[in-house]
Amino acid sequence: MTDALLATCGAGDIGTHFPPSDPQWKGAASRIFVEHAAKVVRERGGRIANADITLICEAPRVGPHREAMTSALSQMLGISADRISIKATTNEKLGFIGREEGIAAIATASGGVSRRGAGMSNAELATRCYWPASNVASCWRRPKVALAA
């Protein structure tokens with residue numbers, strides 16, 4: 001989700017903001033990265049419209065964790081839960097995912113940047129639509145990673 005959010009406003013990727021060579025980020029909670037990306041979007045005049053995550057795994061089942069995951073992501077992004085979709089699919093027992101050696105996630109964020117400077121007042125800006133932007137990002141994880149933040 002972090003990369004997808006950063007892409008909505010051209011702010012690089014997670015490695016730009018949190019270099020993997022910096023030991024302070026080893027084992028850090030993913031909440032830190034997602035909240036930072038949401039803050040970057042807003043600081044650049046953007047808003048987050050929707051978030052969509054598809055988990056690709058054979059196990060564990062996502063259904064029992066979906067509500068908690070949605071609630072946590074809603075808090076991290078500062079958007080209502082009805083604008084978040086979390087779903088899962090299997091890899092039909094194929095590859096490392098099928099062998100339960102890891103999982104994959106595809107995240108998409110949509111939002112946009114306001115058109116400030118176009119001669120509109122703040123009241124007019126508040127009624128205008130934002131231009132959509134989205135990105136798809138994948139991240140590979142080892143098995144037994146906690147699903148809820």
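Accessible area of Glu101 (1.4 Å probe, protein heavy atoms only, ligands and nucleic acids ignored): about 100 Å².
If you plug the beta carbon distance of Arg61 and Ala28 into 1/(1 + (r/R0)^6) with R0 = 30 Å, you get a FRET efficiency near 0.70.
Rounded, prolate or oblate: pick one for region 1-92, where a ≥ b ≥ c are the square roots of the eigenvalues of its C-alpha gyration tensor, a/c under 1.5 means rounded, and failing that, prolate if a/b is larger than b/c, else oblate.
Oblate is the answer for region 1-92, as a/c is 1.5 or above yet b/c matches or exceeds a/b.
The Cα atoms of region 24-66 give a gyration tensor whose axes a ≥ b ≥ c have a/c of 1.5 or more with a/b no greater than b/c, which makes the shape oblate.
The values are calculated or read from the model by the stated rules, or taken from the named source; none is laboratory data. A quick note: this is a predicted structure, and the numbers were derived from the prediction, not measured. All Cβ positions, glycine included, derive from the backbone under ideal geometry; neighbour counts span all protein chains shown. Each accessible area value is taken on the protein alone, full model and side chains, heavy atoms only, with ligands, DNA and RNA left out. Shrake-Rupley method; radii C 1.70, N 1.55, O 1.52, S 1.80 Å.
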